[in-house]
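Peer 1: Before I ask anything, let me first share the structure, which is written out below as structure tokens.
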């Protein structure tokens, strides 16, 4: 097994002259496990990592740029996912704040009704005026407290809503960044593919040096089978 475990290689697949192999040993193991016994010797003999010092510099740089763009796209995708989760959490908090404000409003309304009833009792009480007045005062205080609680719940709801809006905006920005990273990767991939086509003649020469007695006919390493394989 080569010292390197990834890089440009010849005949990673039967129908490709050269392509980038992300895991040499993994591909070797796959061939041994999944390909017909009659194909193993040829596939393994021709499947070779190309020495970096033999590759045209442009191809190496194009691939490096492509890998960096892929990583950037992956990171942008993760950031977008995190922003989406944050937006969902903020939305839940907003819903909870809205419910709390509704409950506070109901409590305030109930305290108001209790105050009205106590006031009515005070007017009707006569002899019990002092006691009814005290109950009325207590009910009024309860109403004021409920009103304050309602106001605070309203403020909390407003803050939660603003947080939700901010999270939504952050998610949109993350989505745009992910899309831009995706475009950058697509462009890098085009440049990489273009470099491969440009230097195909060089690759053919390197192939002749490294893959002796190769039956490659331009489309497959199994021309005797009409390109058929498993």
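The values are calculated or read from the model by the stated rules, or taken from the named source; none is laboratory data. All of these numbers come straight from a predicted model, not from anything done at the bench. Reconstructed Cβ throughout: ideal geometry from the backbone, glycine too, with neighbour counts over all protein chains shown.
Peer 1: Confirm whether residue 113 is assigned by TED's automatic domain parsing to the domain that holds residue 187 and under 20 Å from residue 140 (Cα atoms). Step through it out loud before you land on a result.
Peer 2: Values: assigned by TED's automatic domain parsing to the domain that holds residue 187: yes; under 20 Å from residue 140 (Cα atoms): yes.
Yes, satisfied.
Peer 1: Continuing with this model, one more query. In the set 173, 180, 187, which member is part of a helix (DSSP H, G or I), touching a helix residue (DSSP H, G or I) at 6+ places or on another chain (Cβ under 8 Å) and more than 27 Å from residue 63 (Cβ to Cβ)? Let's see the steps before the verdict.
Peer 2: Working: 180 fails: more than 27 Å from residue 63 (Cβ to Cβ); 187 fails: more than 27 Å from residue 63 (Cβ to Cβ).
Of the residues listed, the single one that is part of a helix (DSSP H, G or I), touching a helix residue (DSSP H, G or I) at 6+ places or on another chain (Cβ under 8 Å) and more than 27 Å from residue 63 (Cβ to Cβ) is 173.
Peer 1: Looking only at region 159-193, which residues are over 16 Å from the mean Cα position of the chain (by Cα) and touching a residue at least 12 places away in the same chain (Cβ under 8 Å)? Steps first, answer last, please.
Peer 2: Keep residues of region 159-193 that are over 16 Å from the mean Cα position of the chain (by Cα), which gives 159-166, 169, 184, 186-193.
Once the filter is applied, which keeps residues that are over 16 Å from the mean Cα position of the chain (by Cα) and touching a residue at least 12 places away in the same chain (Cβ under 8 Å), region 159-193 yields 159, 160, 161, 163, 164, 166, 184, 187, 188, 189, 191, 192.
Peer 1: Would you point out which residue out of 78, 54, 92, 48 is surrounded by fewer than 13 Cβ atoms within 10 Å (Cβ to Cβ) and either outside the structural domain of residue 180 (by TED's automatic domain parsing) or touching a helix residue (DSSP H, G or I) at 6+ places or on another chain (Cβ under 6 Å) (or both)? It would help to see each step written out before you state the result.
Peer 2: On the way: 54 fails: surrounded by fewer than 13 Cβ atoms within 10 Å (Cβ to Cβ); 92 fails: either outside the structural domain of residue 180 (by TED's automatic domain parsing) or touching a helix residue (DSSP H, G or I) at 6+ places or on another chain (Cβ under 6 Å) (or both); 48 fails: surrounded by fewer than 13 Cβ atoms within 10 Å (Cβ to Cβ).
The match here is 78.
Peer 1: How many residues does region 19-38 hold that are loosely packed, with under 11 Cβ neighbours inside 10 Å and either in contact with a helix residue (DSSP H, G or I) (Cβ under 7 Å, 6 or more places away or on another chain) or not in a helix (DSSP H, G or I) (or both)?
Peer 2: 1
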